[in-house]
2 protein chains.
Amino acid sequence: MAAQPDYPDAAASDPAKLGWMVGSPPPADRILRFDDGSYFQFPAMRWSVSHFRQLMPTVNVSRGLGAPVALPRALRSDIDAVTFIPTGSDRPMTWQQSLPVNYTDGIVVLHRGKVIYERYFGVLKPDGQHAAMSVTKSFVGTLAAMLVAEGKLDAARRVADYVPELATSAFGSATVRQVMDMTTGIRFSEDYADPKAEVWAHAAAGNPLPKPADYSGPRTYYEFLETVQPEGKHGEAFGYRTANTDALGWVLARVTGRSVAQLLSERIWSRLGTEQDAYMSVDSIGTPFAGGGLNLGLRDMARFGEMVRNGGVFHGQRVLPAAAVADIRRGGDPAAFAKAGYTQLPGWSYANMWWVTNNDHGAFAARGVHGQTIYVDPKAEMVIARFASHPVAANAASDATSLPAYHALALHLMQRSKAAAR
Amino acid sequence: MAAQPDYPDAAASDPAKLGWMVGSPPPADRILRFDDGSYFQFPAMRWSVSHFRQLMPTVNVSRGLGAPVALPRALRSDIDAVTFIPTGSDRPMTWQQSLPVNYTDGIVVLHRGKVIYERYFGVLKPDGQHAAMSVTKSFVGTLAAMLVAEGKLDAARRVADYVPELATSAFGSATVRQVMDMTTGIRFSEDYADPKAEVWAHAAAGNPLPKPADYSGPRTYYEFLETVQPEGKHGEAFGYRTANTDALGWVLARVTGRSVAQLLSERIWSRLGTEQDAYMSVDSIGTPFAGGGLNLGLRDMARFGEMVRNGGVFHGQRVLPAAAVADIRRGGDPAAFAKAGYTQLPGWSYANMWWVTNNDHGAFAARGVHGQTIYVDPKAEMVIARFASHPVAANAASDATSLPAYHALALHLMQRSKAAAR
């Protein structure tokens with residue numbers, strides 16, 4: 001749970017110390033490439049997650065041209081000493097100790113909208129953009145929830161009504177709601193250890209590089225989605241499958257006439273006083289990777305979380321309809337979620353591409369592989385945004401030292417607030 | 001000179017009307033790709049120059065996280081009617097008429113630091129980033145002039161003193177000054193019509209895509225530079241050869257320990273109150289294309305020109321040493337320039353990667369293929385920034401309807417100022 005015996009620890013794998021892509025030219029053994037996969041081997045991956053655009057084509061998510069709205073700051077020195085018991089352990093750990101254990105690249109904590117804690121490690125800087133991985137999905141789910149609340153998207157309609165090309169795929173007969181909640185019955189294995197898993201065909205289809213001469217599979221995300229086969233019944237169980245988000249992205253593009261990147265810019269990114277443009281990776285025909293292609297600044301990610309915590313309002317401006325936020329917080333069916341077997345997430349549910357803890361704080365989260373997260377605790381009035389580059393993709397490897405830490409910090413902030421109120 | 005008989009005119013080639021890369025997915029005949037070259041065929045190229053990052057890997061040129069400094073605005077309605085005689089013509093043309101004739105994508109005019117005119121066409125918007133092409137060179141030359149003025153770079157030293165890898169190439173024995181002024185004696189043809197021209201080997205080396213299996217040439221910009229052969233003597237004649245700027249970029253990287261993109265961000269881009277990050281294309285090992293890879297917002301390009309016009313000061317802050325600006329304005333040797341045979345640029349010279357008119361206004365310019373320019377007229381206190389997508393790469397095709405227009409506008413502004421002063 002603590003150290004990963006098979007991998008160098010955070011200090012030994014520090015991408016700044018290892019000097020990837022530094023020099024003119026960099027040393028041969030410090031050059032990372034997209035086409036040979038070297039960019040995503042550990043520990044090189046720790047550099048790449050902050051430099052995706054140097055490796056592949058991307059599309060801008062414009063913040064617009066106005067002035068950023070600064071997040072108020074009230075930095076506190078008591079956070080590092082907050083103590084928690086990692087899941088499955090009997091030895092306490094401090095907040096500060098947890099950060100290298102789960103390979104944190106950057107973390108910011110907002111309490112009542114103010115930055116109370118902020119740290120960067122390795123090659124990530126405040127003016128850098130880090131891969132959000134599947135946190136991307138929560139942005140896309142939020143856009144969908146927004147359009148549903150506005151009456152522009154009918155969640156009860158079938159996907160094929162919006163995207164006729166998906167009529168013969170497993171998605172065609174699913175409702176938009178089932179796609180938003182990932183309760184579709186589709187065959188899509190994300191077992192990266194299995195070379196026949198559909199996730200590899202999905203990645204090959206979305207790869208923007210020219211296809212090999214003998215390649216005969218789908219050549220874009222959309223073409224891949226058309227090939228997805230049914231497995232099980234729609235609406236019965238939660239199954240975390242990235243293809244759902246790409247299908248949702250296609251629906252959103254058809255409903256709005258805009259790509260997910262344009263929609264995100266117009267409806268959210270340009271309305272949060274963000275400091276930086278975000279960007280998304282694209283396939284060979286320019287389709288943004290809705291399932292995981294977003295890259296953004298850490299404080300900007302926190303702004304988004306704070307807006308959702310605030311019921312959809314940011315700096316006095318309504319960004320999301322209240323109904324959309326309420327639906328995100330409500331979450332999905334815990335019984336459907338339980339079937340997916342996430343033993344470290346007991347009682348949780350998933351809806352609108354958000355993870356909902358259903359704990360007594362009403363906490364909910366956006367989660368991406370290798371440790372990316374937005375964690376919102378409404379009761380504690382706390383938002384945490386974290387980027388990481390854990391050697392293990394599955395968040396089960398990060399959760400033991402992050403989820404209890406987040407909850408302990410929430411309790412700490414509430415206690416202090418209570419004490420201050422007395 | 002006016003219409004290009006072999007190409008559709010500006011209206012017929014309007015990339016917004018043609019709908020490149022619009023749709024989910026776009027129609028097959030509206031999809032543009034980097035790898036098959038379709039992205040740079042006319043008229044598709046008119047879309048691509050505003051979307052390079054969607055086609056290839058790029059590196060960010062951060063503006064930092066502060067608020068942009070707005071350019072003051074004093075829009076004028078009398079500009080469109082300004083009349084001039086296009087070079088080689090006997091019929092007058094208005095400023096407004098000239099814009100479609102030379103396929104303008106966007107143009108902004110500053111007078112005494114205020115925006116007096118601003119137009120966008122096709123797919124370029126104020127919050128978009130357009131390719132600067134060889135205007136990039138003037139940014140790199142400015143960085144070099146800055147380091148020379150600061151005593152960090154010795155323009156009299158040989159290139160091989162800074163980059164030993166270039167000792168056996170034609171660059172090794174040239175001085176940094178000769179590289180900065182493009183008076184090196186190197187074999188580098190930019191005749192795009194000749195498949196054996198070195199410019200093609202240069203482009204192949206810098207192409208970030210995986211090389212074909214049978215490819216045996218240089219694989220990066222740096223490797224290409226090592227192969228450049230001598231032709232003629234250093235210091236005798238101006239010869240516009242892009243490889244000089246890439247060699248200069250290598251020198252700058254060695255002197256500063258930073259890539260050209262980082263250096264540009266730290267020393268210039270973050271100090272102009274820019275509205276947007278800029279970005280540069282990169283080769284397969286992440287080296288920014290110093291000879292032509294910069295993409296940026298139109299108003300931000302104007303900010304840079306205004307800073308140079310102002311003697312290196314912007315919003316009260318010194319960005320460039322006065323000596324660097326003086327050296328840029330001084331220009332090079334007109335006799336050396338004359339040998340290059342630019343019949344439309346009589347009496348001009350070239351130095352520090354800037355074009356100097358040597359006219360009685362002391363005007364000077366940054367110039368990139370297909371019509372990109374920054375035109376600074378100190379006497380008229382005028383700066384013009386223009387993006388374009390002329391079907392003909394060589395600026396000779398654009399100059400007839402742009403250079404006389406710029407000069408006519410300068411005279412118009414001076415006249416009006418004089419009248420107002422009376």
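The values are calculated or read from the model by the stated rules, or taken from the named source; none is laboratory data. In this text the structure is predicted, and so the values were computed from the model without any measurement. Glycine also receives a Cβ, built like all others from the backbone with ideal geometry; neighbour counts cover every protein chain displayed. Areas reflect the complete protein model, heavy atoms only, side chains present, ligands, DNA and RNA absent. Shrake-Rupley method; radii C 1.70, N 1.55, O 1.52, S 1.80 Å.
Just to be sure I follow: if Rg is taken over the C-alpha atoms of the stretch A:378-422 and Rh is the Kirkwood radius over the same atoms, what is Rg/Rh?
In the stretch A:378-422, Rg relative to Rh is 1.12.
Springs between alpha-carbon atoms under 10 Å, Gaussian network over chain A: tell me which of A:Ala145, A:Ala197, A:Ala44 tops the mean-square fluctuations.
In this elastic network of chain A, the residue with the biggest mean-square fluctuation among A:Ala145, A:Ala197, A:Ala44 is A:Ala197.
Quote to one decimal, in nm, the extra length available between B:Ala338 and B:Gln96 on full extension: 0.36 nm per residue of separation minus the C-alpha distance between them.
83.9 nm
Under 16 Å between alpha carbons: how many lysine pairs meet that in chain A, if sequence neighbours fewer than 8 apart on the same chain are excluded?
4
State, to one decimal in nm², a quarter of the convex hull surface area for the C-alpha atoms of the stretch A:306-422, i.e. the direction-averaged projected area.
8.1 nm²
Please report, in whole Å, how far the alpha carbons of the stretch A:190-339 spread along each principal axis, starting with the longest.
The Cα atoms of the stretch A:190-339 stretch 55, 39, 30 Å along the principal axes, largest first.
I'd like the distance between the alpha-carbon centres of the stretch A:4-50 and the stretch B:222-286, rounded to an integer number of Å.
25 Å
Using alpha carbons only, how many angstrom separate the centre of the stretch A:158-220 from the centre of the stretch B:355-422?
53 Å
Per residue, what accessible area does the stretch B:93-421 have, given a 1.4 Å probe and all protein chains present, in Å²?
About 33 Å² of surface per residue is accessible.
Write down the Å³ per residue value for the convex hull defined by the alpha carbon atoms of the protein assembly as shown.
174 Å³
Once the whole set of protein chains is in place, how much accessible area is left on B:His412, using a 1.4 Å probe, in Å² to the nearest 10?
We get 40 Å² for B:His412.
Relative contact order, percent, of chain B when contacts are C-alpha pairs under 8 Å separated by at least 6 residues?
Reported as a whole number, the value is 22 percent.
At a 1.4 Å probe, which residues in the stretch A:279-324 are at least 30 Å² less accessible with all protein chains present than in their chain isolated?
With the partner chains in place, the stretch A:279-324 has these residues losing at least 30 Å²: A:Ser284, A:Ile285.
For A:Pro26, place a label point 7 Å from Cα along the Cα-to-Cβ direction in every copy; what are the distances to the other copies, in nm, shortest first?
3.0
Residue by residue through A:21-33, how many Cβ atoms from other chains fall within 10 Å of the Cβ on average?
The per-residue average across the peptide is 5.
Out of the total accessible area of the protein assembly as shown (probe 1.4 Å, heavy atoms of protein only), what percent is carbon and sulfur?
Within the protein assembly as shown, the accessible surface is 52 percent carbon and sulfur.
If you take each beta carbon of peptide B:255-262 and count the beta carbons of other chains within 10 angstrom, what is the mean?
Mean shielding count: 2.
For chain B, treating each Cα as an identical point scatterer without solvent, what Debye log10 I(q)/I(0) comes out at q = 0.06, 0.10, 0.11, 0.14 1/Å?
One equal scatterer on each Cα of chain B leads to -0.23, -0.66, -0.81, -1.37.
To the nearest 100 Å², how much accessible surface do chains A and B hide from each other in total, with a 1.4 Å probe?
3100 Å²
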